[in-house]
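**Q** After the C-alpha cells below, expect a handful of questions from me.
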Amino acid sequence: MSDAIRSLIAGNWKMNGLKASMAEFDAMLAGGGAFAEKTDLLVCPPATLIAAFADKAKGKGVAVGAQDCHQNASGAHTGDLSAEMLVDAGASAIIVGHSERRADHGESDALVRQKAQAVWRAGAIAIVCIGETRAQRDAGQTLDICGGQLKGSLPDGATAANLVVAYEPVWAIGTGLTPTTADVEAVHGFIRRVLTDRFKTEGGRMRILYGGSVKPSNAKELLDVANVNGALVGGASLKASDFLAIAAGC
C-alpha cells in the first residue's frame, strides 16, 4: 500500500443482518478507534439497519454506507431507494456496480455510471466495483474486461475525494479462492494506469480496494501489494473480530 494514500477497509454485509446484529457493530465501534490514525473503516449493512447504525456511529471511528442505490432522486420506483434517501439515513458512501448487482439484476456499465453520478448528486462517495469472471480470466481477458468496465462505469469529474474503485474478481467472491499476489499487483497496477491516464493527478490519489475472499489470514499479504489501498470485505465483515483483524493488516 502507498503510504501517501489513506487506506480504507469497507465491509459489505450484503443481505445479512438483523437488529440483533447491533452487538457486532458495537464491537466494531469499540475497536475501530485503534485504526483511526491511518485507516478509514466503513460498514455497509442492509438498508434496514443504516439509520440505526449511523446513529450509533456518530463521533466514532467507523462510517456507515449503503450497498446500492437507484439512479433517480425520487419517483415511481417501488422498492427502490435513492442515494438521497440513503444519505438522509446516514450513509456517507454507496457501493455501485457490485458483480452481484451486475449479474443478478443485469446492471450495465452505463447504469452503474448513472448510479455513481447519483451518489455524487447526494453528496456521498461512490465505491464502483469491477471484476472479471473465471471464464474471462481463463480466456486471458482480465485487463480487457476491467478496462472496459472502468471506461463505461466511471463518470467524468471523478476525484480522489468522491470515488473509490474496488477490484473484485468475480470467481473469488465468497469462494475462498484468491488470485496470487502477483495477479493482484498486475490488475491493480493496470487500474492505476487507467485512472491516472484519465484523471491525471486525481487518478494517482484514488483508492483502489481489493475484494474477493479477504479474511484475517490473507489480509496483510494482500494489503501489502502495490496499489492496494484497502479492501472490500464480504463475509468476514460480519464479525467484528474478523473485520478488525483485517484492518490491523493495513
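**Q** Give just the number: which of (1) under 29 Å from Trp120 (Cα atoms); (2) of a type in the set (Lys, Arg); (3) surrounded by fewer than 17 Cβ atoms within 10 Å (Cβ to Cβ) does Arg192 not satisfy?
**A** (3)
**Q** When the range 75-85 is examined, which residues are found to be in contact with a strand residue (DSSP E or B) (Cβ under 6 Å, 6 or more places away or on another chain) and free of Cβ contacts under 8 Å to residues at least 12 places away in the same chain?
**A** Scanning the range 75-85 gives His77, Asp80.
Per-residue answers, yes or no, for (1) hydrophobic (A, V, I, L, M, F, W, C); (2) under 17 Å from the mean Cα position of the chain (by Cα); (3) part of a strand (DSSP E or B):
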| site | (1), (2), (3) |
| --- | --- |
| Asp40 | no, yes, yes |
| Val43 | yes, yes, yes |
| Ile50 | yes, yes, no |
| Gly75 | no, no, no |
| Gly79 | no, no, no |
| Glu84 | no, no, no |
| Ala91 | yes, yes, no |
| Gly106 | no, no, no |
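**Q** Hey, among the residues in the range 235-245 that are under 11 Å from Ile9 (Cα atoms) and small (Gly, Ala, Ser), which one's surrounded by the fewest Cβ atoms within 10 Å (Cβ to Cβ)? Quick ask: steps written out before the conclusion?
**A** Here is the first cut: in the range 235-245, the residues under 11 Å from Ile9 (Cα atoms) are 237, 243-245.
If we keep only those that are small (Gly, Ala, Ser) too, we end up with 237, 245.
Numbers: Ser237: 28, Ala245: 17.
Only one residue fits best here, namely Ala245.
**Q** Take the residues in the range 23-39 that are touching a strand residue (DSSP E or B) at 6+ places or on another chain (Cβ under 8 Å), touching a residue at least 60 places away in the same chain (Cβ under 8 Å) and not polar (S, T, N, Q), then tell me which one is surrounded by the fewest Cβ atoms within 10 Å (Cβ to Cβ). Let's see the steps before the verdict.
**A** Going residue by residue through the range 23-39, those that are touching a strand residue (DSSP E or B) at 6+ places or on another chain (Cβ under 8 Å) are 25, 28-29, 32, 35, 38-39.
Those still in the list that are touching a residue at least 60 places away in the same chain (Cβ under 8 Å) too: 25, 28, 32, 35, 38-39.
Restricting the remaining residues to those that are not polar (S, T, N, Q) gives 25, 28, 32, 35, 38.
Working: Phe25: 25, Met28: 24, Gly32: 24, Phe35: 18, Lys38: 11.
Ranking the candidates gives Lys38 first.
**Q** Give Thr39, Thr78 a once-over and let me know the one that is of a type outside the set (A, V, I, L, M, F, W, C) and within 30 Å of Glu185 (Cα to Cα).
**A** Details: Thr78 fails: within 30 Å of Glu185 (Cα to Cα).
Checking each option against the conditions leaves just Thr39.
**Q** Let me ask something else about it. Among Gly65, Gly97, which is the only one that is buried (at least 20 other Cβ atoms within 10 Å of the Cβ), within 17 Å of Trp13 (Cα to Cα) and free of Cβ contacts under 8 Å to residues at least 60 places away in the same chain?
**A** Working: Gly65 fails: free of Cβ contacts under 8 Å to residues at least 60 places away in the same chain.
Of Gly65, Gly97, the one residue that is buried (at least 20 other Cβ atoms within 10 Å of the Cβ), within 17 Å of Trp13 (Cα to Cα) and free of Cβ contacts under 8 Å to residues at least 60 places away in the same chain is Gly97.
**Q** Give me the residue from the range 100-114 that is touching a helix residue (DSSP H, G or I) at 6+ places or on another chain (Cβ under 7 Å) and among the charged types (D, E, K, R) and, out of that set, surrounded by the fewest Cβ atoms within 10 Å (Cβ to Cβ). Give the derivation first.
**A** Taking the range 100-114 and keeping what is touching a helix residue (DSSP H, G or I) at 6+ places or on another chain (Cβ under 7 Å), we get 107, 109-110, 112-113.
Still in the running and among the charged types (D, E, K, R): 107, 109, 113.
Details: Glu107: 20, Asp109: 18, Arg113: 21.
Among them, the one singled out is Asp109.
**Q** Somewhere in the range 132-139, is a residue over 18 Å from Thr175 (Cβ atoms) and either part of a loop (DSSP other than H, G, I, E, B) or modelled with pLDDT of 95 or more (or both)? Lay out the reasoning, then the answer.
**A** The first filter runs over the range 132-139 and keeps only residues over 18 Å from Thr175 (Cβ atoms), leaving 139.
Cutting the leftovers down to either part of a loop (DSSP other than H, G, I, E, B) or modelled with pLDDT of 95 or more (or both) gives us 139.
The answer is yes; a qualifying residue exists.
**Q** May I ask you to verify whether Val119 is under 17 Å from Ile208 (Cβ atoms), buried (at least 18 other Cβ atoms within 10 Å of the Cβ), modelled with pLDDT of 95 or more and among the hydrophobic types (A, V, I, L, M, F, W, C)? Before you say what the answer is, go through the steps one by one.
**A** On the way: under 17 Å from Ile208 (Cβ atoms): no; buried (at least 18 other Cβ atoms within 10 Å of the Cβ): yes; modelled with pLDDT of 95 or more: yes; among the hydrophobic types (A, V, I, L, M, F, W, C): yes.
No.
**Q** Pick out the one residue from Arg198, Arg205 that is out of contact with any strand residue (DSSP E or B) (no Cβ under 9 Å at 6 or more places or on another chain), surrounded by fewer than 19 Cβ atoms within 10 Å (Cβ to Cβ), touching a residue at least 12 places away in the same chain (Cβ under 8 Å) and under 22 Å from Gly123 (Cα atoms). So that I can check it myself, show each step before the final result.
**A** Values: Arg198 fails: under 22 Å from Gly123 (Cα atoms).
Answer to the check: Arg205.
**Q** If Ala57 meets every condition in (1) in contact with a helix residue (DSSP H, G or I) (Cβ under 7 Å, 6 or more places away or on another chain); (2) over 28 Å from Ser213 (Cβ atoms); (3) crowded, with 17+ Cβ neighbours inside 10 Å apart from one, which number is that one?
**A** (2)
**Q** Okay, next question. For the range 97-149, which residues satisfy the criterion of being closer than 14 Å to Gln67 by Cα, in contact with a Cys (Cβ under 7 Å, 6 or more places away or on another chain) and of a type outside the set (Lys, Arg)?
**A** Selection gives Gly97, His98, Ser99, Ala118, Val119.
**Q** Sort through Asn162, Asn229 and tell me the only one that's modelled with pLDDT of 95 or more and buried (at least 23 other Cβ atoms within 10 Å of the Cβ). Can you show your working first?
**A** Values: Asn162 fails: buried (at least 23 other Cβ atoms within 10 Å of the Cβ).
Exactly one of Asn162, Asn229 is modelled with pLDDT of 95 or more and buried (at least 23 other Cβ atoms within 10 Å of the Cβ), namely Asn229.
The values are calculated or read from the model by the stated rules, or taken from the named source; none is laboratory data. Given the structure is predicted, the values throughout are model-derived calculations rather than measurements. Methodologically, a virtual Cβ is constructed for each residue, glycine included, from the backbone with ideal geometry; neighbour enumeration extends over all protein chains shown.
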